[in-house]
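Working notes for the structure below.
The values are calculated or read from the model by the stated rules, or taken from the named source; none is laboratory data. These figures come from a predicted structure and were not determined experimentally. Every residue, glycine as well, gets a Cβ built from its backbone with ideal geometry; the counts of neighbours run over all protein chains shown.
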Amino acid sequence: MLVKNNMESFVMDNLDKVLANFTDCCRCEQCRKDIIVLALNHLPPKYTNSDIGDVYTRLDSYWGQEDAEIIQEIAKAAAIVTKHPRHDVSQIKK
Ligand SMILES: [Zn+2]
């Protein structure tokens, strides 16, 4: 059985768009993952059967309604990670 949480893709797709407004937020892999995980923990999962061919068409109409909420959660997560980054500073390439 193949199921997928489409909320994951949606958060990842919107991450860069939201981070564009957080100029002081770190963009390292650790911080990006932390933002994604934090946002996902505050958003309901949206599981779909990955065999469904028209899934994106259906989601498009669905996402329209929840866009604002998802972007808000990513922004909240980015604000938290900006204040409390968990990355190892020695690992960051400047
Ligand atoms: Zn970082």
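Conditions (1) more than 16 Å from the ligand (Cβ to nearest atom); (2) buried (at least 18 other Cβ atoms within 10 Å of the Cβ), marked per residue:
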| residue | (1), (2) |
| --- | --- |
| Asn6 | yes, yes |
| Ser9 | yes, no |
| Thr23 | no, no |
| His42 | yes, no |
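Hey, can you tell me all the residues within segment 18-67 that are at pLDDT 95 or above, of a type in the set (Gly, Ala, Ser) and assigned to a loop (DSSP other than H, G, I, E, B)?
Result: Ala20, single match.
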